[in-house]
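Undergrad: Handing you a structure now.
No lab work stands behind these numbers, since they all come straight from the coordinates. This one's a predicted model, so the numbers in the text were calculated from it and none came from an experiment. Don't worry about glycine lacking a Cβ; one is built from the backbone with ideal geometry, like all the others, and counts go over all protein chains shown.
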Amino acid sequence: MFPIRESIEQLQARIKAKLVELVRADEEVTLVAVTKTQPVDVIEVALQHGISHIGENKVQEALRKIPLLKTPYQGFHFIGHLQSNKINNLLSLKPLLIQSVDSFYIAQKLNSALGRKNLVQDILVQVNTTSEASKSGVSLNNAIPMIGQISRLNNINIKGLMTIGLMSSDPELTRPFFKKLKELFERVKELAMEGVEMKYLSMGMSDDYLVAVEEGANMVRIGSVIFGPRVYPEGA
Ligand SMILES: *Cc1c(COP(=O)(O)O)cnc(C)c1O
């Protein structure tokens, strides 16, 4: 089995050392362990060794696994593309944070479902900083108008921004995109819109989390560094 406990300890130590190096030792970086494709018993090992936030990207998979977890933890983050017909199922899992709201359309659907259940939900707005067609997310240019629109929905609180870097083994190629998201984060903060708090800047995955932290991330989403390479079930 992959050495999950050692991987988590090493990862936490690397993030801490990076914050010290950046003279940001007083800051905290929330580590979200991305548990997609990992079975429940493997997730339990992580929860027993320092992980308190987990991220899943498919509602069906989360529905199958999240209710089976026994070790207490802070919360479940939804990090995948959200479809309107999956919203009720997702809300039944009480996500701590939906990180991947990428259109006003889906925000409206989410807001209506929340209203019917009398719930208020924290979300992040996903921004497609790299402008790759294969990726979800609002464009950098449209982000502020969309945040303005979503901010007027009563059952949704915007808590920050999320992005996915380039699929490249060289994290330096992604650095300029992380810089752009940080700039947007600061600009939105200055606008001080009602219902909008720029608290979380979620960027950085296994290959680029140190660069993301250097560029101001305070939330990273990490899978393979913790669990080893993902094995997708056949036919998936
Ligand atoms: C899979 C995934 C991650 C984690 O990927 P790793 O490279 O394994 O760390 C992070 N964020 C999102 C949105 C993902 O889908």
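Undergrad: Taking the Cα centre of the chain as origin and charging only Cβ (+1 Lys, Arg; -1 Asp, Glu), how large is the dipole, in debye to the nearest 20?
TA: Here the size comes out at about 780 debye.
Undergrad: Oh, and also: Once the dipole of the chain is set up with Lys and Arg at +1 and Asp and Glu at -1 on Cβ about the Cα centre, which of A133, V225, M146 lies farthest towards its positive end?
TA: M146
Undergrad: Please tell me the relative contact order of the chain in percent, rounded to the nearest whole number, where contacts are Cα pairs under 8 Å and at least six residues apart.
TA: 20 percent
Undergrad: Of T30, T71, how do they rank once you tally other Cβ atoms within 10 Å and put the fewest first?
TA: T71, T30
Undergrad: Still on this structure, I have one more. Counting other beta carbons within 10 Å of each residue's own, what order do S7, S224 fall into, fewest first?
TA: S224, S7
Undergrad: Size of the dipole of the stretch 31-151 about the Cα centre, Lys and Arg at +1 and Asp and Glu at -1 on the beta carbon, nothing else charged, in debye to 20?
TA: So the dipole magnitude of the stretch 31-151 works out to roughly 360 debye.
Undergrad: Determine one quarter of the surface area of the Cα convex hull of the stretch 4-227, which equals its mean projected area, and express it in nm² to one decimal.
TA: For the Cα atoms of the stretch 4-227, the hull's average projected area reads 11.8 nm².
Undergrad: Give the long-range amide H neighbours of K36: residues separated by 5 or more places, or on another chain, with amide H under 5 Å away, using H modelled in the peptide plane at 1.01 Å from N.
TA: For K36, the qualifying residues are N57.
Undergrad: Per 5 Å bin from zero, what fraction in whole % of the C-alpha pairs of the stretch 1-118 is there, up to the bin with the longest pair?
TA: Percent of pairs per bin, in order: 2, 10, 20, 19, 17, 13, 10, 7, 3, 0.
Undergrad: Shifting gears a bit: Cα-based Rg (one decimal) and Dmax (whole number) for the stretch 64-195, in Å?
TA: 15.4, 45
Undergrad: Could you give the semi-axes, largest first, of the ellipsoid that matches the stretch 67-145, computed as the square roots of 5 times the alpha carbon gyration tensor eigenvalues and rounded to whole Å?
TA: 24, 16, 11
Undergrad: If you don't mind, another one. When a/c is below 1.5 the answer is rounded, else prolate if a/b is larger than b/c, else oblate, so apply that to the stretch 12-58 with a ≥ b ≥ c taken from the square roots of the Cα gyration tensor eigenvalues.
TA: Prolate, since a/c reaches 1.5 and a/b exceeds b/c.
Undergrad: Follow-up question, since we're still on this one. Divide by every residue of the chain the summed helix terms, -39500 (n - 2.57) for each DSSP H run of at least 4, and state the resulting mean residue ellipticity at 222 nm, rounded to the nearest 500 deg cm²/dmol.
TA: For the chain, the value works out to -11500 deg cm²/dmol.
Undergrad: Given the Cα-Cα distance of R152 and K70 and 0.36 nm per residue of separation, how much length would full extension add, in nm?
TA: Result: 25.8 nm gained on full extension.
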